[in-house]
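I have placed the structure first, in the form of structure tokens, so that the comments after it can refer back to it.
The values are calculated or read from the model by the stated rules, or taken from the named source; none is laboratory data. Model, not experiment: these values are computed from the prediction. Heads up, the Cβs are rebuilt from the backbone with ideal geometry, glycines too, and the neighbour counts pull from every protein chain shown.
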Amino acid sequence: MTLSSPGPETKAGRSGAQAPERSFDQRMEALAKANEIRTLRAQLKKDIKAGRTALADVIGQPPDFVMTAKVYDMLMAVPKYGRVKATRFLTHCRISQGKTIGGLSERQRTELIDLLGK
């Protein structure tokens, strides 16, 4: 039995030709940016865990790299906050677990900052 190579059409419906070099460069730039954002978020979580940064400050004035981070994930970085406490906070503020920091309404943001300050 021999395996044949796929025809000229791929799943996306494009021919098997190489993408233009510009697209490759754009993908590489996007990957580099994503890696940078992951690194910055990891450092922020470490700073929150160590007590060098307050999550309330991050939520009040979020830097660009944290705008698409989930509120739940950031709550989990706070010392002594586990799944139960993070879920309780989100439920109290009527915030879904999938909500991002950038997607918080002013009411949600204020309510969450108040809870974190206690």
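Structure notes:
- Boolean, Gln108 is modelled with pLDDT of 95 or more and not small (Gly, Ala, Ser): yes
- Scanning region 73-118 for residues that are of a type in the set (Ser, Thr, Tyr), touching a helix residue (DSSP H, G or I) at 6+ places or on another chain (Cβ under 8 Å) and over 13 Å from Ile59 (Cβ atoms) yields a count of 3.
- Number of positions in region 94-118 that are in a loop (DSSP other than H, G, I, E, B) and among the charged types (D, E, K, R): 3
- Given (1) of a type in the set (S, T, N, Q); (2) over 21 Å from Asp114 (Cα atoms); (3) not in a loop (DSSP other than H, G, I, E, B), number of the condition Thr91 does not satisfy: (2)
To keep it simple, each residue is scored yes or no on (1) within 26 Å of Ser105 (Cα to Cα); (2) in a loop (DSSP other than H, G, I, E, B); (3) at pLDDT 90 or above.
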site	(1), (2), (3)
Gly13	no, yes, no
Ser23	no, no, no
Gln26	no, no, yes
Thr68	yes, yes, yes
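- Cross-chain or 6+ apart pairs with Cβ under 7 Å, region 23-48 first and closer than 14 Å to Phe65 by Cα, then surrounded by 10 or more Cβ atoms within 10 Å (Cβ to Cβ) and among the small types (Gly, Ala, Ser): Arg41/Ala69; Lys45/Ala77
- Scanning region 101-113 for residues that are under 11 Å from the mean Cα position of the chain (by Cα) and buried (at least 17 other Cβ atoms within 10 Å of the Cβ) yields a single hit, Ile101.
- Across region 78-88, the number of residues qualifying as outside any helix (DSSP H, G or I) and touching a Leu at 6+ places or on another chain (Cβ under 9 Å) comes to 2.
- With respect to the conditions (1) loosely packed, with under 10 Cβ neighbours inside 10 Å; (2) hydrophobic (A, V, I, L, M, F, W, C); (3) at pLDDT 95 or above, Met1 falls short on a single one, namely (3).
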